[in-house]
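Structure first, commentary second.
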Amino acid sequence: MKNRTKIIIAILALSSGFGFAQQESLITQYWDHLNFFNPAATGVGGTKATFTMREQWSQIAESPVTQMVSFGTQSGNRVGLGFSIMGDKTFVESQTMVGVDFSYHLPMSEDLNLYLGLKASGNFYNINTSGLETYDVLSDPAINSINNFMPNVGMGAYLTYRSWYASLSAPKLLDTKRARERDGVVSAATDKTHFYAAVGYDLLLNSIGGLISNENMRLTPSVLLRYVAGAPASADMNAMLHLSQAIGFGATYRTSGAQAAIVQLTLKNFKLGYVYETSTTNGIADAGQTNEISLQYRFN
């Protein structure tokens, strides 16, 4: 009975949280993988590579696990090149998205810079039903394994002004079907176009109430908005306080029902981040916490 309850909670979480449209996988430290969501941000801020792993709902077996890798670099003064890879697995469903990112820099003034980006991507989607157990001795012909590849394209714009930045993107413009009619059995799961908008600010602080004084102390608030047709819009509201170049603390509130604490440590070219996230939705909170860890390397 206990395992059945956990399974029901997981199903309700996936269906009620995302509605009828498929939402893309999310991570709390999205700013470290900004070119995954917006190709225009590729190469902005220098050459860097980032890996993130996220495990949701620790109390549920085979709950969602997301792994993400992104890389971006500048080629000359105007061009940014990079790639992004996302692997996502939940129970019998898994998918791997691979994208190639391109950005072009258009200086508007000494302080104002516009970046335009394009993304070419493909999604390898798989449902492996071989391990499912049914009540019938004979297998259900409607339960078939699925393997699909779905190409896609995306675009975005990224604007910086002094310590401000703004981002608007649609990394997947094409509606794609993960499953189709096979041997008389019809099933479908459609990926809709996702829109992302973000804004952030990097504020230098001299002190906190006169108690802490450090010329490297910074406060970086940011907001990320997500929208896809058929599902409620959601927002991540974040704030990171960097006490020095080596350590930072932060918090996130997600309007779809989550809150998180963030710790980041920087040592030379490496940055390590950890997120402890809990749900604020009744029932889903019983599924346990979410853990996310990231490692970034900045090239000189």
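Values as computed for the structure displayed
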{"read-out": "Alpha carbon centroid spacing (whole Å) that separates region 91-117 from region 24-79", "value": "11"}
{"read-out": "Packing-based order for 160-169, 112-121, 259-268, using average beta carbon neighbours within 10 Å, highest first", "value": "112-121, 160-169, 259-268"}
{"read-out": "Listed residue pairs exceeding 24 Å between alpha carbons, taken from 172/268; 48/268; 48/89", "value": "172/268; 48/89"}
{"read-out": "Distance in nm between pseudo-label sites at residue 216 and residue 92 (7 Å out along the Cβ direction from Cα)", "value": "5.2"}
{"read-out": "Karplus (6.51, -1.76, 1.60) ³J(HN,Hα), θ = phi - 60°, over region 250-262, in Hz, Gly and Pro reported as x", "value": "x, 8, 9, 10, 10, 5, 7, x, 7, 9, 8, 10, 10"}
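Values in this text are rule-based calculations from the coordinates and carry no lab data. As the structure is a computational prediction, the values presented were derived from the model and not from experiment. No Cβ is skipped: glycine too gets one built from the backbone with ideal geometry, and neighbour counts run over all protein chains shown.
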